[in-house]
1. Here are some conditions: (1) farther than 26 Å from residue F:69 by Cβ; (2) at pLDDT 90 or above. Residue D:24 meets all but one. Which one does it not meet?
2. For residues that are more than 23 Å from residue C:105 (Cβ to Cβ) and at pLDDT below 95, tally how many sit in the range A:78-111.
3. Being crowded, with 24+ Cβ neighbours inside 10 Å and of a type in the set (Lys, Arg) narrows it down to one residue among B:59, B:106, B:100; which is it?
4. Just the residues that are modelled with pLDDT of 95 or more and acidic (Asp, Glu), please, taken from the range F:31-77.
5. Give all pairs with beta carbons closer than 6 Å in which a residue from the range B:17-38 that is under 19 Å from residue B:138 (Cα atoms) meets a residue that is of a type in the set (Gly, Ala, Ser) and part of a strand (DSSP E or B); count only pairs at least 6 apart in sequence or on separate chains.
6. Sort out which residues of the range D:89-134 are closer than 25 Å to residue C:126 by Cβ and among the small types (Gly, Ala, Ser), and write them in order of number.
7. Got a number for residues in the range F:131-156 being aliphatic (A, V, I, L, M) and touching a Pro at 6+ places or on another chain (Cβ under 7 Å)?
8. Would you check if residue A:103 is touching a residue at least 60 places away in the same chain (Cβ under 8 Å) and of a type in the set (Ser, Thr, Tyr)?
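The values are calculated or read from the model by the stated rules, or taken from the named source; none is laboratory data. Note that the coordinates shown come from a computational prediction; the quantities given were computed from them, not determined experimentally. Quick reminder, even Gly has a Cβ in these numbers, built from the backbone with ideal geometry, and neighbours come from all protein chains shown.
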Protein chains: 6
Amino acid sequence: MSGFTHIDETGAARMVDVSAKDVSARTATATGKVLLSAEAVALLRSGEVPKGDALGTARIAGIMGAKRTPDLIPLCHPIALHGVKVDLAVTDDGVEITARVKTADRTGVEMEALTAVSVAALALIDMVKAVDPAAVITDVRVEEKTGGKTGVWTRP
Amino acid sequence: MSGFTHIDETGAARMVDVSAKDVSARTATATGKVLLSAEAVALLRSGEVPKGDALGTARIAGIMGAKRTPDLIPLCHPIALHGVKVDLAVTDDGVEITARVKTADRTGVEMEALTAVSVAALALIDMVKAVDPAAVITDVRVEEKTGGKTGVWTRP
Amino acid sequence: MSGFTHIDETGAARMVDVSAKDVSARTATATGKVLLSAEAVALLRSGEVPKGDALGTARIAGIMGAKRTPDLIPLCHPIALHGVKVDLAVTDDGVEITARVKTADRTGVEMEALTAVSVAALALIDMVKAVDPAAVITDVRVEEKTGGKTGVWTRP
Amino acid sequence: MSGFTHIDETGAARMVDVSAKDVSARTATATGKVLLSAEAVALLRSGEVPKGDALGTARIAGIMGAKRTPDLIPLCHPIALHGVKVDLAVTDDGVEITARVKTADRTGVEMEALTAVSVAALALIDMVKAVDPAAVITDVRVEEKTGGKTGVWTRP
Amino acid sequence: MSGFTHIDETGAARMVDVSAKDVSARTATATGKVLLSAEAVALLRSGEVPKGDALGTARIAGIMGAKRTPDLIPLCHPIALHGVKVDLAVTDDGVEITARVKTADRTGVEMEALTAVSVAALALIDMVKAVDPAAVITDVRVEEKTGGKTGVWTRP
Amino acid sequence: MSGFTHIDETGAARMVDVSAKDVSARTATATGKVLLSAEAVALLRSGEVPKGDALGTARIAGIMGAKRTPDLIPLCHPIALHGVKVDLAVTDDGVEITARVKTADRTGVEMEALTAVSVAALALIDMVKAVDPAAVITDVRVEEKTGGKTGVWTRP
């Protein structure tokens with residue numbers, strides 16, 4: 001492909017210029033699930049995961065993960081984050097994760113919300129993997145996004 | 001809850017002691033999918049994603065993500081990584097991601113493989129989100145794990 | 001404890017939403033001490049610490065530590081830092097550390113000042129620990145804080 | 001001072017060569033205190049800190065902080081960590097923090113233990129600072145160190 | 001030198017206070033070269049570097065490097081980055097690298113542009129070092145800088 | 001290009017598997033220069049750089065930069081570093097930088113040495129850029145490499 005040897009505008013990854021975008025209040029909500037065995041769900045419900053408090057650890061990991069988004073995602077802009085909330089709900093077949101992120105800056109925060117969900121999910125698996133090595137992360141997706149030029153976007 | 005005020009062994013997260021574990025060759029393979037719109041798939045196939053080469057960027061992000069695992073996952077041990085390979089295959093409904101990680105150290109590397117897949121998936125979404133804001137990460141899971149005391153584990 | 005299995009508002013750590021707070025000039029000053037042996041103090045005074053220039057290294061570590069605050073403190077907001085100054089004064093029983101941090105953003109910077117002092121203190125101990133393995137960090141605390149809704153706070 | 005313009009061996013900070021040191025089992029225990037108001041202690045005991053579970057957050061921060069030691073302390077070697085445990089005990093005047101770190105590598109882990117205590121203390125203050133802006137970190141120190149050429153060191 | 005033991009204003013490194021500076025649009029362009037063997041140039045031109053796509057990897061590394069500037073350069077302010085573009089052009093004797101960085105903040109972004117060029121150059125060398133262990137990075141420099149109080153600066 | 005859609009072995013960047021390589025003592029020495037104005041050289045010699053001790057700050061930055069190599073260079077393996085030394089010598093036309101890195105691990109450390117030189121050079125420029133905005137980094141290259149299967153390599 002020409003993009004790598006000729007280095008023209010097409011095909012060369014770049015962090016797009018957002019300096020003309022407005023600083024405006026923006027939010028994003030993302031969700032995801034970790035599918036777990038019945039045994040792992042029971043241990044989460046009784047608070048007896050051998051490695052320690054799995055849900056609390058995953059929540060903290062998710063919040064810290066949101067802050068690491070520009071370190072992890074090559075073309076994400078480093079932006080201010082004004083609020084991050086990560087909730088985990090134990091269900092019969094695993095854990096549902098919801099992350100809500102707010103900012104007042106020049107780019108949307110859907111990548112931060114998706115990263116928070118993914119890192120919380122990974123941390124949760126790390127806590128229970130001795131009990132359930134077959135855990136699966138699924139349905140990680142943006143549910144809603146507000147602010148910026150495009151306004152409100154809701155998953156169809 | 002007693003775990004937080006009395007701080008007994010139960011309930012307090014800790015990085016478990018692996019110093020008695022053998023240094024042995026260990027591998028892990030994890031996979032995952034990013035479900036995309038037909039338009040996004042077409043752009044990936046023609047190499048015309050406006051933000052730049054999406055698959056190459058995701059692959060690099062996945063490899064670098066594997067190295068950041070102990071920074072992201074609170075109780076993961078910092079270990080040597082001796083090889084990381086991230087493959088992305090475009091299919092009709094999205095992209096399939098496979099990560100293979102090798103080490104010769106005291107802990108398994110399934111978290112590194114899962115993190116590589118997740119970060120590659122997040123980076124891919126970042127590249128195409130202007131075209132497909134409804135992308136979904138799904139089926140992120142360990143397929144196989146070798147080495148260490150437990151030997152070979154294959155997803156049932 | 002219900003906080004971990006039911007995930008209600010109470011008890012779940014979150015990065016609080018500061019988007020409604022004013023962007024205003026804010027400062028914080030923190031101080032701390034490293035108590036050292038007479039031998040270590042003498043080496044600092046003569047500039048003969050075997051591992052190299054201990055005070056200069058600690059000062060740089062403190063400034064860089066201030067910038068790492070949101071990476072280290074789970075619920076700290078990533079914010080702009082407009083000025084960081086770390087001073088170290090050798091006294092007869094050790095080293096006194098002062099950090100002054102300024103910003104014009106939505107949150108106070110006392111955590112950044114405390115982190116600068118702590119990391120400078122840790123780096124100083126690292127430089128002299130071969131000479132004085134019994135060094136102690138003590139009295140790390142905010143002295144003054146200005147700006148924001150609460151205005152000036154001075155240690156009582 | 002000559003150290004900066006002539007760059008001789010004296011005075012120039014460097015990461016000392018440890019390649020001749022043995023890989024041996026090593027441990028370090030460090031402790032520290034956060035002095036808090038009666039109100040903050042009461043909230044910790046009842047688990048009602050408004051910002052969320054303060055002790056659990058501080059514990060995770062301390063463990064993750066241990067892993068960041070070579071990023072924070074300029075001349076610390078990046079080494080393997082085989083186990084990290086951070087305990088927090090609420091007392092009448094604050095919180096006592098203990099960190100235990102194990103490795104099997106070429107350098108001692110006292111800096112990792114001290115960093116774990118310091119970061120846990122900083123994170124705890126961040127959780128309660130709205131309630132108690134006058135919190136103080138004190139008595140951060142190594143209690144015991146084992147392994148390596150020097151063997152067991154216990155605080156005199 | 002007095003700077004280290006007496007800690008006066010002179011000689012003590014500090015992150016200078018920029019809070020009085022204007023938030024204004026600022027850009028910087030930096031360039032640099034990696035001198036390579038004819039064999040390495042040929043492999044880059046044919047896209048057959050054994051380790052993988054060298055130019056794409058270097059470009060991503062450069063962009064991510066720009067974001068790590070305040071982590072790497074002790075006294076650099078952490079600032080917003082609104083756009084980063086890294087171009088690599090293969091010439092007969094190596095690769096020419098250009099980085100363009102934009103922001104709307106209180107400090108110039110020439111260090112970010114220089115860091116992007118340097119990290120891209122290092123990553124390129126890493127990709128070809130098995131083929132050309134004698135590669136050299138040269139002529140890394142700011143070409144132009146706009147915005148802020150000093151306005152436009154062009155290399156004389 | 002086929003490499004991106006078909007994901008065969010060719011063209012896909014990967015962290016090569018080094019698990020079969022020997023753990024052996026390895027060293028690398030890299031050098032580089034920062035070309036500066038006569039005014040900047042004079043300030044370095046008299047120790048009167050307004051921003052603080054430039055050479056000491058650059059030295060620390062170089063050592064810390066060596067440790068960040070696997071974070072910066074996408075395909076570099078995270079390895080142990082057993083010794084890092086960065087020297088800066090002021091000459092009539094600038095500063096010469098030498099970095100020596102040692103390890104006992106499975107990969108060479110030339111990238112760590114080159115990164116140490118580059119980051120030290122960038123940090124030095126940051127210290128003097130108000131005085132000399134036209135500084136240039138040049139001749140960054142490996143001088144010697146020992147250990148591993150290839151043994152001693154000296155720049156021809």
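1. (2)
2. So the count comes out to 0.
3. B:59
4. F:39, F:71
5. What qualifies is B:30/B:99; B:33/B:94; B:34/B:94; B:35/B:94; B:36/B:94.
6. Listed by number, the residues that qualify are D:99, D:104, D:108, D:113, D:116, D:118, D:120, D:121, D:123.
7. 2
8. Answer is yes for this residue.
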